[in-house]
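The values are calculated or read from the model by the stated rules, or taken from the named source; none is laboratory data. Here the structure is a predicted model, which is why all the values come from computation and not from measurement. Positions of Cβ are generated from backbone atoms using ideal geometry, with glycine treated the same way; all protein chains shown enter the neighbour counts. Each accessible area value is taken on the protein alone, full model and side chains, heavy atoms only, with ligands, DNA and RNA left out. Shrake-Rupley method; radii C 1.70, N 1.55, O 1.52, S 1.80 Å.
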Amino acid sequence: MGKQVLTTCPYCGSGCQLYLNVENGKIVSSTPANGRTNEGNLCLKGHYGWDYLNDPQILTKRLTKPQIRKNGVLEEVEWDEAINYTAKRLNEIKEKYGPDSIMGTGCARGSGNEANFVMQKFMRAAVGTNNIDHCARVCHAPSVAGLQYSLGSGAMSISIPEIEDTKLLFVIGYNPAESHPIMARRIVKAKQKGAKIIVADPRITETARISDMHLQLKGGSNLALVQAMGNVIIAEGMVDQKFVDDHTLGYEEYKKTVEKYTPEYVESICHLPAETIRQAAREYAKAERAAILWGMGVCQFGQAVDVVKGLASLALLTGNFGGPSMGVGPVRGQNNVQGGCDMGALPNCYSGYQNVTDDAAREKFEKAWGVKLPKENGIPLTQVPHHVLDVKDEKKRLHAYYIFGEDPGQSDPDLHDMREALDKLDFVIMQDIYMNKTGLKADVILPATAWGEHDGVYSSADRGFQRIRKAVEPKGDLKTDWEIICLVSTAMGYPMSYKNTKEIWDEMRSLTPSFYGATYEKMEELGCVQWPCRDESMEDKGTPYLHKGGIFAHPNGKANFFATEWRAPGEIEDVEYPFTLSTVREVGHYSVRTMTGNCRTLTNLEDEPGWIQMSLEDCKKLNLKQSELIRVNSRRGSVITRVMPTERVKTGATYMTYQWWIGACNELTVPYLDPVSNTPESKYCAINLEKIDDQVWAEKQVKDSYESIRKNMGINTAEKGCRI
Amino acid sequence: MNYFVKGNPDLCIGCRTCMIGCVVAHEGVKIFQMKPGEYVFNPKLDIIKTATITMPVQCKHCENPACMNVCAVGAIQMSDNAVMISPDKCIGCKTCMIACPYGAIDMVVSSDGKKQLDGSERVVANKCDLCTGIEGGPACIRVCPTAALKLVTEEAVETSVSNKRTAAAISLAQVKEY
């Protein structure tokens, strides 16, 4: 007899609700559920993305047993041995070099909030360092940092369902059709309901295609555009002066800085006519209520935090805060990247964004956890290679890395440095569900249960806590992430144990006032609870939109304006590398594909080596045709991918989907970081393109690379029915 | 009148959920228990993207189908308001594929697992069959997250035409002389 299990989709941050249909202990299909954000709809990942749980062994093999590297080779061992060995090595390193020589990650994916809370507690209380971070660093860290400064809270101020009722949407550097199809649905609905849509994007995205105005700006010019819009709003007297006077600080300085950013001044930076910028600014300012949505096209630049602050400033100028269907929406990419941040898997704060440098907050956690906690902010994820490779003082160097549910060997910028760092580290722990590139460098592998095999809570992009539920029994000798971390911690001498995720959640709530009211019972009852939710009673149903009545989350209740000088991207195209490259998303795949790359139908739709999108003119000039294999080179690396000629990109600009292992564009990208958020500039680097005359050779090259990747990942490629 | 599925470019976001939905409907959820190389993946519709348009393209189930008229072996017939290809009869001659002005037909390895006499794969014509015989009707419509696909039926067309004529009458009635 089959059963249906209600849960939250493990892919993007939309937080879609779905039923997993289980027969004989196996998931056979999924059915959309009527969730707050998805209203009975799912995209292809929600419909067909659970398939990896059946381990079809397409890209990588599921981990089923702990492993320890002995004499250079990973060997399967029992849990006791793996845990004791891990604890012993970490204690040795801590003893010899101090707690700050150890780094840990949180996990923005399947593990859930409870495991992240336990992980940051482990790093802070058991190891004694704030060196914990997660992949929010390579995506929306600028939004968190920027909005924290501007508004006092780093999350979406608007709710996903409210988007369809706004009067104007300004979508900048965000392609919802590829990254959040269920958000794209709301945008389509907003348009149908009469909202104006303005898109700023160098590509003709699906949203740009249906927009009223498409500002097809030059990559890397976001801040110039945003400040020019501010300039126009001020110059043409469209400022909501009462809102500015009552609710903000720093307007006069802002005004002074944007004064020089006239549309004429930025014309040559943005490659947009001055009049178009004026018109966009006017439309935005005069809308009764307007929302700004952004994604990686804002965040993955060396100047990202400034743009986030600039976008918040536009909303402040026009009084677009305080009610529903307005405000700002940094739309979080991964299912639980919001949760990773919420739970304090960040080097500067505990759960609920309580700063580690705040004495009162730290003392509260010290009392609860019975240990002294470190006072200094920890190391951000993207600084790991630097702290391993460049720091000469052995005492100050990183020596161990506990990598939990992430694959820095594939997903972090400038893979060359990252791999060298993984080689040089004395001790690398990999805790994951599938073998991956990081695993090839790991000293210990701790196999964990996946989404669908454990309970917990995820945070959707719009601050919504929702339950995930166990649907099937894990196959293999696996433990949940939080159990594994507790065992390591206990073996290291800091005992931690919990009966279930609810017990962890309740500890987290007791230490986190802004989440205190979001009980399991309330989530059960309401389906979703959006933070802040401070009271346990059913009267407090959470907070659909932030900054009600223009009261911001800073202690003084005010928001802060910000403007600064525009900076060009770090690596500009030249004679040797004449094209620009930006990394983009493939709708049916996720992150490094250890999940979607092991889903049958998603892989049927798109597979290695991925695509490079190029203008028709550039294809003609280089004599390239559809699907031809081509070599792409940057100063850092070289990969093979397929040509996709398209009318949707400008001449000189190229775009590669970042999910691929053979056409891995992170081999090419530049490790140029935003100085505040340490986020890499994945959206801009210089490349050149090399036609491959012998296509038969190139096709074989791709096929052989794929086969060797799969063999490396533990798949028996000779088995019948195996792909390729 | 034959029915057909029409995509709406104002709603389509190009996510291609419909293409997988099509395959899963025709091959069955059993493919999720099969080895990845043991089933065929033949969507019967495609998503087309130009600078200004994104929409699914599939068989229009023409009233005078070029494909049916050129098929030398009678493998294409009309039934249940649809133009249907019989893979058993199809000899893979590709004439229908060339004849179709919509590009709605492609040639694929037959999904029934039947082989030619020498054991090699059978390649047959493949196109939308309106999910005839599949519970719930066209899968592409059911799985689309933005409701960008609609089944155009005789009743729907009649209602639409009748409404348009009424609107036209109201509008024309305003014009007294010309």
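For residue A:249, the residues whose modelled amide H falls within less than 5 Å of its own, excluding neighbours fewer than 5 places apart on the same chain, are A:559, A:560, A:561. Kindly list the residues of the stretch B:2-45 that lie in the label zone of residue B:53, defined by a backbone N under 16 Å from the point 7 Å along the Cα-to-C-beta vector. Once the point is set 7 Å along Cα→Cβ of residue B:53, B:5-14 turn out to lie under 16 Å by backbone N, inside the stretch B:2-45. Residue by residue, the stretch A:226-235 carries 3J(HN,Hα) couplings of 4, 6, 5, 5, x, 4, 5, 4, 6, 4 Hz when phi is fed to the Karplus relation 6.51 cos²θ - 1.76 cosθ + 1.60 (θ = phi - 60°); x denotes Gly or Pro. Distance from the C-alpha centroid of the stretch A:146-220 to that of the stretch B:1-45: 28 Å, rounded to the whole angstrom. The residues of the stretch B:40-62 occluded by other protein chains by 20 Å² or more of accessible area, set against the chain on its own, are B:41, B:49, B:50, B:51, B:52, B:54; surface from heavy atoms, 1.4 Å probe.
Report the B-A buried area as the accessible area lost on both sides summed, probe 1.4 Å, in Å² to the nearest 100.
Working: alone 11030 and 25400 Å², together 33420 Å².
Buried surface at the B/A interface: approximately 3000 Å².
Length gain on complete extension for the stretch residue A:697 to residue A:23, per 0.36 nm per residue less the alpha carbon to alpha carbon distance? Don't jump to the answer; show the numbers that get you there.
Numbers: separation 674, 0.36 × 674 = 242.64 nm, distance 4.52 nm.
In short, 238.1 nm is gained.
Per residue, the protein assembly as shown exposes an accessible area of 37 Å² to a 1.4 Å probe, with every protein chain left in place.
Taking 7 Å steps out from each Cα toward its Cβ at residue A:503 and residue A:91 produces label points 2.3 nm apart.
How long is the gain from residue A:236 to residue A:647 if the chain were fully straight, where each residue apart is worth 0.36 nm and the alpha carbon distance is subtracted? Don't jump to the answer; show the numbers that get you there.
Details: separation 411, 0.36 × 411 = 147.96 nm, distance 3.57 nm.
Between residue A:236 and residue A:647, full extension yields 144.4 nm more.
Counting only aspartates and glutamates at least 8 places from residue A:255 when in the same chain, those with an alpha carbon closer than 19 Å to its own are A:236, A:240, A:245, A:246, A:264, A:306, A:565.
Averaged over the residues of peptide A:485-492, the number of Cβ atoms from other protein chains lying within 10 Å of each residue's Cβ is 0. If the segment from residue B:69 to residue B:102 were pulled out straight at 0.36 nm per residue, it would be longer than the present Cα-Cα gap by 10.4 nm. Of all DSSP-defined beta bridges confined to the stretch A:579-712, some 60% are antiparallel rather than parallel. Other residues with beta-carbon under 11 Å from the beta-carbon of residue B:1 carry, at +1 per Lys or Arg and -1 per Asp or Glu, a net charge of -4.
Considering only protein heavy atoms and a probe of 1.4 Å, how much of the accessible area of the stretch A:3-54 is carbon and sulfur, as a whole percent? Walk me through the numbers before you get to the answer.
Numbers: 650 of 1460 Å².
Using a 1.4 Å probe with all protein chains present, the stretch A:3-54 comes out at 45 percent carbon and sulfur.
Measuring between their Cα centroids, the stretch A:1-72 and the stretch A:393-438 lie 27 Å from each other.
Rolling a 1.4 Å probe over the protein heavy atoms of the stretch A:141-330, with every protein chain left in place, gives an accessible area that is 48 percent carbon and sulfur.
Site pair residue A:368 and residue B:77 shows an inter-label distance of 7.2 nm when each label is modelled 7 Å from Cα along Cα→Cβ.
Summarise the accessible area of the stretch A:579-712 (1.4 Å probe, protein heavy atoms) by the percent that is carbon and sulfur.
Of all accessible area on the stretch A:579-712, carbon and sulfur atoms account for 51 percent.
The lysines whose alpha-carbon is closer than 17 Å to the alpha-carbon of residue A:395, local same-chain residues fewer than 8 away aside, are A:94, A:96, A:424.
Using r as the Cβ-Cβ distance of residue B:6 and residue B:121, and R0 as 30 Å, what FRET efficiency do you calculate, to the nearest 0.05? Once the sixth-power term is evaluated, E becomes 0.35. Once the Cα atoms are used to define both axes, helix B:154-173 deviates from the longest principal axis of chain B by about 20 degrees. The DSSP beta bridges internal to the protein assembly as shown are antiparallel in roughly 60% of cases.
For the stretch A:661-724, run through the GluC sites (Glu not before Pro) and keep only the ones in DSSP coil with at most 14 other Cβ atoms within 10 Å of their Cβ.
A:719
From helices alone, chain A scores -9000 deg cm²/dmol at 222 nm; the rule is -39500 (n - 2.57) for each run of n ≥ 4 DSSP H residues, then divide by the residue total.
Kindly tabulate the residues in the stretch A:201-240 with an accessible-area decrease of at least 40 Å² between the chain alone and the assembly of all protein chains, using a probe of 1.4 Å. The answer is A:206, A:209 - residues whose exposure falls by at least 40 Å² when every protein chain is included.
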